[in-house]
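S.K.: My questions will all concern the structure given below.
The values are calculated or read from the model by the stated rules, or taken from the named source; none is laboratory data. Fair warning: this is a prediction, and the values are worked out from it, not measured in the lab. Cβ: placed from backbone, ideal geometry, glycine included. Neighbour counts: every protein chain shown. We work out accessible area using only protein heavy atoms, side chains counted, and drop any ligands, DNA or RNA first. Shrake-Rupley method; radii C 1.70, N 1.55, O 1.52, S 1.80 Å.
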Amino acid sequence: MGFLDGLRRGNDSAFDSGNAATNAIELTKRYAQVSLTKQGAATGNLRVNLSWRMRTSDLGGSQRESLLRHPFRALKPPEVIAHSQSMVNVDLDLGCLYELQDGTKGVVQPLGGFLGDVNGPPYVKLSGDDRFGSGSGETLYVNLDQRENIKRLLVFVYIYDQTPAFDRTQAMVTLYPGNGPRIEISLDERHPQARSCAVVMIENVKEEIIVHREVKFVYGFQGELDRLYGWGLQWGRGFKSKTGR
């Protein structure tokens with residue numbers, strides 16, 4: 001399952017740059033770590049966004065194959081397809097395991113309504129629960145002005161009560177510091193049976209805020225991620241409130 005991927009910390013100043021026009025840092029297996037402190041971006045609110053959608057190939061076959069068989073379809077106006085549950089049949093959720101310097105541990109996630117607090121402990125807050133893969137996605141806010149109180153944060157993504165389908169989504173977790181380029185982590189590895197993924201660890205290491213790519217897929221849920229990273233919390237079955245969407 002790739003649990004050992006990226007366990008060895010690399011050079012914190014090494015990273016893959018994305019397209020220069022996008023002003024982004026891409027964390028990869030090879031270059032998995034970056035220092036927000038050295039980037040001058042360890043203050044203010046760090047915004048962590050999850051965006052995702054179903055792959056086009058899952059919505060009706062290959063367009064290329066269709067045009068080869070029916071070349072005149074290229075001249076036909078595209079069909080307008082309604083945004084329906086049949087198009088998007090997976091619900092990805094964003095969450096965060098936190099450990100503060102005083103030893104306090106917990107979770108911020110939609111399940112159970114543990115939405116956190118950005119101005120008080122745990123200095124992490126979840127805003128919004130996107131159940132249909134919209135453009136805005138889901139967002140966590142981390143108050144880096146309180147970084148001296150934060151020990152480590154594990155940002156994770158899980159599939160809520162649906163068939164495992166990480167390999168059919170184009171999921172991306174993007175970190176937007178208050179200053180400097182955004183940081184992108186793609187969940188593009190094929191793990192068709194995985195239900196959860198530890199995406200990125202944010203750690204306070206000797207007063208330096210380090211962001212490290214994890215991207216470890218597991219078959220279980222938060223409890224399995226907890227055991228993998230030694231958080232030591234107690235877990236039970238949780239439910240989200242019903243939505244009218």
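S.K.: In region 196-210, what residues are over 13 Å from the mean Cα position of the chain (by Cα) and touching a residue at least 12 places away in the same chain (Cβ under 8 Å)?
M.R.: First, pick out the residues of region 196-210 that are over 13 Å from the mean Cα position of the chain (by Cα): 203-210.
Of everything in region 196-210, those that are over 13 Å from the mean Cα position of the chain (by Cα) and touching a residue at least 12 places away in the same chain (Cβ under 8 Å) turn out to be 203, 204, 207, 208, 209, 210.
S.K.: To continue, here is another question. Is it true that some residue in region 78-91 is modelled with pLDDT of 90 or more and open to solvent by less than 10 Å² (accessible area, probe 1.4 Å)? First the steps, then the outcome.
M.R.: Applying the first criterion (modelled with pLDDT of 90 or more) to region 78-91 yields none.
Checked region 78-91: no residue is modelled with pLDDT of 90 or more and open to solvent by less than 10 Å² (accessible area, probe 1.4 Å).
S.K.: If you scan region 147-165, which residues turn out to be over 28 Å from residue 102 (Cβ atoms) and either modelled with pLDDT of 75 or more or among the β-branched types (Val, Ile, Thr) (or both)? First the steps, then the outcome.
M.R.: First, the residues of region 147-165 that are over 28 Å from residue 102 (Cβ atoms): 159-165.
Result: 159, 163.
S.K.: Let me ask you something else. Could you grab me the full set of residues in region 1-48 that are in a loop (DSSP other than H, G, I, E, B), of a type in the set (D, E, K, R) and at pLDDT 50 or above? Please lay out each step first, then the result.
M.R.: Start the filter on region 1-48 by keeping residues that are in a loop (DSSP other than H, G, I, E, B), which leaves 1-15, 18-19, 23, 27-32, 36-44.
Keeping just the survivors that are of a type in the set (D, E, K, R) gives 5, 8-9, 12, 29-30, 38.
Across region 1-48, the qualifying residues are 29, 30, 38.
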